[in-house]
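What follows is a single structure, written as structure tokens, with notes after it.
The values are calculated or read from the model by the stated rules, or taken from the named source; none is laboratory data. In this text the structure is predicted, and so the values were computed from the model without any measurement. Glycine also receives a Cβ, built like all others from the backbone with ideal geometry; neighbour counts cover every protein chain displayed. Ligands, DNA and RNA are excluded from the accessible area calculation, which covers all protein heavy atoms including side chains. Shrake-Rupley method; radii C 1.70, N 1.55, O 1.52, S 1.80 Å.
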Amino acid sequence: MRHVLTSFLALHWAIVFALLAYICIDGNRGVAAALAVLGLEVENGRITGLENAAIVAPLAIALLVVAVLFCWAFVETLINIAASPDATDSVVRIAFISASAVLSLVLVGGAAQGIDGLFMVVAVQLTALLASYVAVLAEQRTARVEAFAADTEVRATAHVMARGAAHSSLLSRISGRPEANLRDGR
């Protein structure tokens with residue numbers, strides 16, 4: 001089964017965090033523009049230091065690392081999901097945890113700067129991340145259940161066929177007739 005939802009969500013979040021990192025490195029507005037994209041209007045004159053390279057560079061790097069992790073999860077989902085689903089699960093989990101950590105750091109840093117209204121903006125983004133992660137887990141669980149059901153069905157069919165062959169062989173031996181399916185004169 002193709003993991004369409006997982007790959008779509010990984011690509012979506014990779015693009016979102018890459019765009020936030022790109023917007024964040026803008027020299028004039030930087031962090032204020034990235035916060036505006038998230039839904040928070042910050043006046044540059046009121047809060048100082050948001051254009052400081054010591055704030056912008058680590059935030060942009062953190063956002064870019066999260067974007068790369070989601071891109072890695074996207075590639076893993078497309079290429080490697082059938083071969084090793086556990087490896088893909090761990091990459092997706094690390095990407096979502098990293099995204100949550102970066103958003104939490106944005107919240108802490110914004111609270112330290114005295115930015116009003118940041119809690120709701122970050123809470124909405126964290127809720128969206130959580131909903132995406134739950135959707136990914138549901139899709140993976142569905143795929144595992146389908147694979148288990150198919151495996152169980154194959155085993156049950158093989159078990160019924162083996163039991164039928166044993167029953168037929170036993171009846172042939174009890175009746176004293178030679179088995180009809182014998183080849184090479186066993």
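Structure notes:
- Computed in the context of the full set of protein chains, the accessible area of the stretch 61-138 at 1.4 Å probe radius has 78% of its extent on carbon or sulfur.
- With every protein chain in place, the stretch 1-41: carbon and sulfur % of accessible area (1.4 Å): 66 percent
- The calculated FRET efficiency for residue 116 paired with residue 75, based on their beta-carbon distance and R0 = 45 Å, is about 0.70.
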